[in-house]
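Undergrad: Okay, handing you the structure first.
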Amino acid sequence: MAFHMDLQELTQARTVAERALERIPPEEAVEKRNIWLAYLNMESLFGSNETFTIILSRALAYNNPKDIYLRLSQMMAKVPTPKFPIIDELYSNMLRKYSTSAHVYKQYLQYLLTAKKDPSMFRSTLNHSLKILPARKHVAVISAAAVLEYKFGDPERGRTIFEGIVSNYPKHTDQWNIYIDMETKRGDQNYLRKLFDRATSLKLSSKNMKGLFKKYMKYEQDHGTPERMEYVRNRAVEYVH
């Protein structure tokens with residue numbers, strides 16, 4: 001199929017795709033799904049809206065629809081010149097069909113900030129998601145949004161979001177760890193050390209505290225001094241006693 005597309009032979013490429021879909025046995029579901037995705041990507045780039053819609057309907061009928069939507073929208077956003085109207089429609093359908101899916105919202109947020117580069121829409125969508133999603137899924141989506149801010153948006157805003165998370169959910173050591181990882185990459189040592197001190201002052205299980213102290217010590221081994229390592233070691237001893 002790729003060979004024919006390089007030669008701009010769309011009809012032949014479609015024939016190859018249809019033949020592959022006919023010949024690949026049902027038990028090879030992943031390979032067959034990948035053919036559907038390649039077929040759809042080809043139609044989005046070189047076909048018409050009508051042919052794309054037809055193939056999409058067939059792909060959704062023969063595969064897990066949510067999986068197709070997620071993979072296709074992600075694939076289409078990575079090309080040099082994304083067709084945003086089509087991708088927007090895919091996400092619109094997903095948000096309507098899977099309105100309580102944290103995974104869908106997280107991927108959509110990434111699309112808005114990295115592909116569309118629309119921080120305003122990104123932030124309004126985050127706020128909207130918290131009105132729609134079950135409360136148990138809020139932390140995962142908020143945390144994902146904060147990481148996206150650190151990487152592709154406004155790191156200060158990412159910091160503010162994480163401050164809200166660890167203030168409201170102080171015992172979620174997974175969130176402390178993500179927050180610390182983001183600040184480690186940012187490189188503000190004073191802020192990071194204060195963050196480590198706050199995290200290691202919590203009253204958590206010995207397993208979680210051990211993980212935090214281990215992370216703190218590893219940081220000082222890589223970036224600190226013998227005095228800083230001794231400081232962390234003493235804090236760990238104080239915690240144990």
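The values are calculated or read from the model by the stated rules, or taken from the named source; none is laboratory data. These numbers come from a predicted model, not from an experiment. When we count neighbours, we look across all protein chains shown, and the Cβ atoms used for this are built from the backbone with ideal geometry, even at glycine. For the accessible areas, the whole protein counts, side chains as well, though only heavy atoms, and no ligand, DNA or RNA atoms are used. Shrake-Rupley method; radii C 1.70, N 1.55, O 1.52, S 1.80 Å.
Undergrad: Please give the length that would be gained between S120 and Q12 if that part of the chain were fully extended, namely 0.36 nm times their separation in residues minus their C-alpha to C-alpha distance (nm, one decimal).
TA: Values: separation 108, 0.36 × 108 = 38.88 nm, distance 4.30 nm.
The S120-Q12 span can extend by a further 34.6 nm.
Undergrad: Given the options L90, T15, S167, identify the residue whose Cα lies farthest towards the positive end of the charge dipole of the chain (+1 on Cβ of Lys, Arg; -1 on Cβ of Asp, Glu).
TA: S167
Undergrad: If you filter segment 174-222 for trypsin sites (Lys or Arg not before Pro), then keep DSSP loop positions with at most 14 other Cβ within 10 Å, what is left?
TA: Details: sites: K185, R186, R193, K194, R198, K203, K207, K210, K214, K215, K218; in loops: K203.
Qualifying residues, ordered by number: K203.
Undergrad: A further question follows. May I ask you to list the aspartates and glutamates whose Cα is less than 15 Å away from that of K218, ignoring any residue fewer than eight positions away on the same chain?
TA: The qualifying aspartates and glutamates are D181, E183, D197, E227, E230.
Undergrad: Over the heavy atoms of D222, what accessible area does a 1.4 Å probe trace out, to the nearest 10 Å²?
TA: About 90 Å², rounded to the nearest 10.
Undergrad: Can you tell me which aspartates and glutamates have their Cα less than 18 Å from the Cα of K66? Leave out same-chain residues fewer than eight positions away.
TA: Hits, sequence-local ones excluded: E31, D88, E89.
Undergrad: How do 121-127, 151-157, 141-147, 66-72 rank on mean C-beta neighbours within 10 Å, highest first? Could you put the intermediate results ahead of the total?
TA: Values: 121-127: 16.9, 151-157: 15.0, 141-147: 21.3, 66-72: 18.4.
Result, highest mean Cβ count within 10 Å first: 141-147, 66-72, 121-127, 151-157.
Undergrad: Going down the table (K131/K207; K171/K215; K32/K83; K97/K131), which pairs top 27 Å between alpha carbons?
TA: Flagged as over cut-off: K131/K207.
Undergrad: Related question: Measuring from label point to label point, each 7 Å out along Cα→Cβ, what is the E27 to S99 span in nm?
TA: A separation of 4.2 nm, rounded to one decimal place.
Undergrad: Taking only the alpha-carbon atoms of segment 150-241, what semi-axes of the equivalent ellipsoid follow from 5 times the gyration tensor eigenvalues under a square root, in whole Å, largest first? Write out the running numbers ahead of the final one.
TA: Working: eigenvalues 99, 57, 17 Å².
Computed over segment 150-241, the values are 22, 17, 9 Å.
Undergrad: Please give the length that would be gained between M75 and T53 if that part of the chain were fully extended, namely 0.36 nm times their separation in residues minus their C-alpha to C-alpha distance (nm, one decimal). Let's see the in-between values first.
TA: Working: separation 22, 0.36 × 22 = 7.92 nm, distance 1.64 nm.
Residue separation times 0.36 nm, minus the Cα-Cα distance, leaves 6.3 nm.
Undergrad: From zero up to wherever the largest Cα-Cα distance of segment 97-140 sits, split into 10 Å bins and tell me the percent of pairs in each.
TA: 30, 56, 14
Undergrad: Please give the helix 155-168 orientation as an angle from the longest Cα principal axis of the chain, in degrees from 0 to 90, rounded to the nearest 10.
TA: In the chain, helix 155-168 runs at an angle near 70 degrees to the longest axis.
Undergrad: Could you work out the local net charge near I178, counting Lys and Arg as +1, Asp and Glu as -1, over the other residues with Cβ closer than 15 Å to its Cβ?
TA: Working: positive: K106, K151, R159, K171, K185, R186, R198, K215; negative: E149, E163, D174, D181, E183.
Around I178, the charge tally is +3.
Undergrad: To one decimal place, what orientation-averaged projected area in nm² is obtained for the convex hull of the Cα set of segment 178-218?
TA: Across all orientations, segment 178-218 yields a mean hull projection of 2.7 nm².
Undergrad: From the P(r) of the chain, can you give the percent of Cα pairs sitting at distances over 22 Å? Each step should come with its number before you reach the end.
TA: Details: 18336 of 28920 pairs.
Counting pairs separated by more than 22 Å, the tail of P(r) holds 63 percent.
Undergrad: Report, as a whole number in µm² per second, the diffusion coefficient that Stokes-Einstein gives for segment 12-105 at 20 °C and 1.002 mPa s using the Kirkwood radius over alpha carbon pairs.
TA: Using the Kirkwood radius from Cα pairs, D works out to 156 µm²/s.
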